[in-house]
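Inspection log for the structure reproduced underneath, given as structure tokens.
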Amino acid sequence: MNLNAKELTILHVEDDHIVSGLVREAFTSFGFPGAMLTAASVREALDLLREREKVHEALGLIISAMQLPDGTGLDLIREVKTSSFWRRTPVIVLSSEASPGVINTAYALGANSYMPKLPRSTGVIDSLQSFYKCWLENAYLPEGGVGDRLQDALLRAIGLRTRTAEFYLGLAGVSPEGTDEMKFWLDRALNEGNMSNLLSFFRNKLEGTAVAADIIDRLAGMQLKVNEALRTAEEQLRKTPAPGALLCYQWALEIMDAWDEEIFAEALSCLFPVSSVAARALKTRAAAQIKSLALHILEQAEDVSLRQKAVSLLEWSQRLA
């Protein structure tokens, strides 16, 4: 038995209550003396991780399904392994998803093991017992992490900007070749990439900087909403090979809807004392990006709801400038 097993807490992320119940009962029968928490979605798991991080309560192990109601295990692995507090926590995928691409991506993101939910060669209980012996009896698990929440928020911001750039590249890819529409989305992708680079500039400079916990909390909450909006848009783009311009505008606006103007302004204000030149450049680029998106939609779309959202964006860009 792992020396710290009595104090060990496991998080099992699984939306099938029969499966989570089976794992809990199996581990109890094997003699596990620690605590097991459950979450039924990516959002619920991330909320739980964020709350435990606030009070410095680590986890010994995270077990996750791959297919979840609001995302995938890949989303969870990505968040865990880019967090200074959680990245040392082992993440085990327990899933019936056997696609080589998914498995390879899980390992690339930092998963420690990928196990079948319904093994072919052994029964479910035998498989769980092998899992238990490996990870909870024989393995030495890391101690709880000490995180830097400001650096984590900055890393998430860089990641979200990078993914938004990739999404805009995807919109360029489904636009007619050589058109102004294609060029527009390529320009948006380039600007997002530039903002990601500016944020990267602050990584070392912000080390040791004190930022109020409530600001970081609000920023993390907004980033979670942006992540969900972006994931939804990415999924819609994958499912729609020829969406048309109006649908592209709708997806882009839904991502922007997740941004909170007040929280964004708070975050920017934290950067100015560190480097006013870089912060001003970031602010200018953000305002220009928002303005370009708003004006383009107003020029191209007649849909009333799209135009209303574009007007709101344009007003935000003017306040930001």
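The values are calculated or read from the model by the stated rules, or taken from the named source; none is laboratory data. Quantities reported herein were computed from a predicted structural model and do not represent experimental measurements. Quick reminder, even Gly has a Cβ in these numbers, built from the backbone with ideal geometry, and neighbours come from all protein chains shown.
On the given criteria, is LEU230 modelled with pLDDT of 90 or more, surrounded by 15 or more Cβ atoms within 10 Å (Cβ to Cβ) and either assigned by TED's automatic domain parsing to the domain that holds LEU154 or of a type in the set (Phe, Trp, Tyr) (or both)? Explain how you work it out, then say what you get.
Values: modelled with pLDDT of 90 or more: yes; surrounded by 15 or more Cβ atoms within 10 Å (Cβ to Cβ): yes; either assigned by TED's automatic domain parsing to the domain that holds LEU154 or of a type in the set (Phe, Trp, Tyr) (or both): yes.
Yes: the conditions hold for LEU230.
Out of the residues in region 43-61 that are surrounded by fewer than 16 Cβ atoms within 10 Å (Cβ to Cβ) and under 17 Å from the mean Cα position of the chain (by Cα), state the one that is farthest from ILE77 (Cα to Cα).
By that ranking, first place goes to GLU51.
Looking for whichever is out of contact with any helix residue (DSSP H, G or I) (no Cβ under 6 Å at 6 or more places or on another chain), outside any helix (DSSP H, G or I) and not assigned by TED's automatic domain parsing to the domain that holds ARG156 here; the options are LEU11, LEU22, LEU49. Which one fits?
Of the residues listed, the single one that is out of contact with any helix residue (DSSP H, G or I) (no Cβ under 6 Å at 6 or more places or on another chain), outside any helix (DSSP H, G or I) and not assigned by TED's automatic domain parsing to the domain that holds ARG156 is LEU11.
Can you tell which of TYR114, TYR107 is in a strand (DSSP E or B) and either touching a Gly at 6+ places or on another chain (Cβ under 9 Å) or of a type in the set (Ser, Thr, Tyr) (or both)?
One residue alone meets the criteria, TYR114.
Could you say whether any residue in region 177-191 is assigned to a loop (DSSP other than H, G, I, E, B) and buried (at least 19 other Cβ atoms within 10 Å of the Cβ)?
Scanning region 177-191, I find no residue that is assigned to a loop (DSSP other than H, G, I, E, B) and buried (at least 19 other Cβ atoms within 10 Å of the Cβ), so the answer is no.
Test each condition in (1) assigned to a loop (DSSP other than H, G, I, E, B); (2) buried (at least 18 other Cβ atoms within 10 Å of the Cβ); (3) within 17 Å of the chain's Cα centre (by Cα) for LEU141 and report the one that comes out false.
Of (1) assigned to a loop (DSSP other than H, G, I, E, B); (2) buried (at least 18 other Cβ atoms within 10 Å of the Cβ); (3) within 17 Å of the chain's Cα centre (by Cα), only one is false for LEU141: (3).
Taking region 242-278, which residues are at pLDDT below 90 and surrounded by 19 or more Cβ atoms within 10 Å (Cβ to Cβ)?
Within region 242-278, ALA267, CYS270, LEU271 meet the criteria.
In region 283-292, is there at least one residue being basic (Lys, Arg), surrounded by fewer than 19 Cβ atoms within 10 Å (Cβ to Cβ) and in contact (Cβ under 8 Å) with a residue 40 or more places away in the chain?
Among the residues of region 283-292, at least one is basic (Lys, Arg), surrounded by fewer than 19 Cβ atoms within 10 Å (Cβ to Cβ) and in contact (Cβ under 8 Å) with a residue 40 or more places away in the chain, which makes the answer yes.
Among residues belonging to region 158-174 that are in contact (Cβ under 8 Å) with a residue 60 or more places away in the chain and surrounded by fewer than 20 Cβ atoms within 10 Å (Cβ to Cβ), point out the one that is farthest from GLU234 (Cα to Cα).
GLY159
If SER95 satisfies all but one of (1) surrounded by 15 or more Cβ atoms within 10 Å (Cβ to Cβ); (2) under 17 Å from the mean Cα position of the chain (by Cα), what's the number of the condition it fails?
Single failed check for SER95: (2).
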